Amino acid sequence: MNVKLFLAIAAAISVLYGIAFVVVPESVGALFAVPPEAHNILTSRYFGATLLALGLAFWFVRETSDQTALRGLLMALAVGSIVGAIISIWGTVAGTVNAMGWSSVLIYVALLAGCAYYLFADRTVAGPR
């Protein structure tokens, strides 16, 4: 898999979840046992808007030949994945969300693994050492 395909996959995941959190936050929240209270729904929609923007950034940057921009995007995705995984683990262990929270951890870890590969193993993005 090349970095363009990886970013397309990251874009698809982000856009699909983003749309779901914006359009049907009650349904998505129910999967994670989040109560459908007004503040939870609003927060979910903000989260969805952010995921949508990130997904579109991944999609539009995937074709770039600018290695600095690509590296910066991958670093941002890696940091976001680390923070997201920590928050997901914390929320699941604390019981704030149900066991579905582990699916979020899995997604974040998979995205982090892809970023790590392209940042450290793939010389086309990592640059010369």
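Quick look at the values:
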read-out	value
Segment 64-78, residues that are without any contact (Cβ under 8 Å) to a residue 12 or more places away in the chain and either of a type in the set (Lys, Arg) or within 13 Å of Ala110 (Cα to Cα) (or both)	none
Residue check for Thr68: over 17 Å from Asn2 (Cβ atoms), in a helix (DSSP H, G or I) and modelled with pLDDT under 95	yes
Unmet criterion (only one of (1) modelled with pLDDT under 95; (2) in a helix (DSSP H, G or I); (3) of a type outside the set (Gly, Ala, Ser); (4) farther than 22 Å from Ile9 by Cβ) for Ile89	(1)
Filtered residues of segment 85-103 (kept if buried (at least 18 other Cβ atoms within 10 Å of the Cβ) and without any contact (Cβ under 8 Å) to a residue 40 or more places away in the chain)	Ala85, Ser88, Thr92
Number of positions in segment 69-81 that are more than 15 Å from Ala57 (Cα to Cα) and open to solvent by 80 Å² or more (accessible area, probe 1.4 Å)	1
Number of positions in segment 31-61 that are open to solvent by less than 40 Å² (accessible area, probe 1.4 Å) and in contact with a Ser or Thr (Cβ under 7 Å, 6 or more places away or on another chain)	3
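The values are calculated or read from the model by the stated rules, or taken from the named source; none is laboratory data. As the structure is a computational prediction, the values presented were derived from the model and not from experiment. Because the Cβ atoms are built from the backbone with ideal geometry, glycine has one as well, and the counts that use them run over all protein chains shown. The accessibility values were calculated without ligands, DNA or RNA, using every heavy atom of the protein model including side chains. Shrake-Rupley method; radii C 1.70, N 1.55, O 1.52, S 1.80 Å.
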